[in-house]
Amino acid sequence: MKRTMVVAGAAAVVLAALVGCGARATGGEGRLSSEELQGRWWTWASSEPEPTNPVADQDGSACGRNQPQDVWFLAGTFGTQVERACSIPDGVPLAFPLVNTIGSSADCEAFMKTAEGSAVLDGEKVDADAHQAETIEIRSAPGNPVTGMDGTYTATGCGLWVQLPALEAGEHTLKIRGQADGFSVGVDYTLTVDAAPAHT
């Protein structure tokens with residue numbers, strides 16, 4: 001999707017559709033606030049160069065990079081459809097966007113008019129939340145393909161987001177679809193939740 005960022009007077013257009021960063025739980029039922037969810041996810045998604053970036057990942061081999069301990073983020077793609085296999089720890093909630101963008105308030109207003117998507121976990125559709133324009137802080141690594149910028153800066157974020165409680169141990173399927181402004185993304189995840197070790 002198109003992302004227009006205005007930072008310190010400079011504008012950058014980034015093409016991407018992304019899913020998933022983690023953080024301290026704020027808000028009801030252990031859920032992250034909109035500002036923290038988006039800011040931490042974008043920071044996570046832009047923390048790696050292209051060869052190891054979770055958004056550019058073709059098979060799930062990069063899904064565990066830079067994950068926080070309290071939330072597990074998932075990523076979409078740069079406009080293609082992929083299948084990924086990912087092992088995640090027991091007891092950790094998931095967070096990811098169906099489709100999202102960063103830019104100005106006007107960019108977000110236009111983006112959200114056409115944004116739609118779905119997430120299906122083990123054959124059951126799960127609810128998504130629409131996050132409108134929110135000022136967020138992003139910390140990006142040099143050479144990342146997500147924002148094309150590095151350093152710490154603010155932007156306006158928006159999109160359709162899903163937060164899920166920790167999954168039961170075992171294998172799960174998750175199908176993510178999203179589209180906006182003529183851009184579409186799809187990821188079919190096979191998620192394996194590792195059982196917590198038994199205490200003696």
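Remarks
- Once the 1.4 Å probe is applied to the protein heavy atoms, the range 83-185 comes out at 45 Å² accessible per residue.
- Here each label is just a point 7 Å from Cα along the line to Cβ, and for E109 and D122 those points are 4.3 nm apart.
- Over the range 145-200 - Rg/Rh using Cα atoms and the Kirkwood inverse-distance radius: 1.11
- Carbon and sulfur %, accessible surface of the range 24-183 computed with the full protein complex present, 1.4 Å: 46 percent
- When peptides 186-195, 101-110 are ranked by their average number of other Cβ atoms within 10 Å per residue, the highest-first order is 101-110, 186-195.
The values are calculated or read from the model by the stated rules, or taken from the named source; none is laboratory data. What you see is a predicted model; the values in this text were computed from it and never measured. Neighbour counts are summed over all protein chains in view; Cβ atoms, including those assigned to glycine, are modelled from backbone coordinates with ideal geometry. Heavy atoms of the whole protein, side chains included, go into the accessibility calculation; ligands, DNA and RNA do not. Shrake-Rupley method; radii C 1.70, N 1.55, O 1.52, S 1.80 Å.
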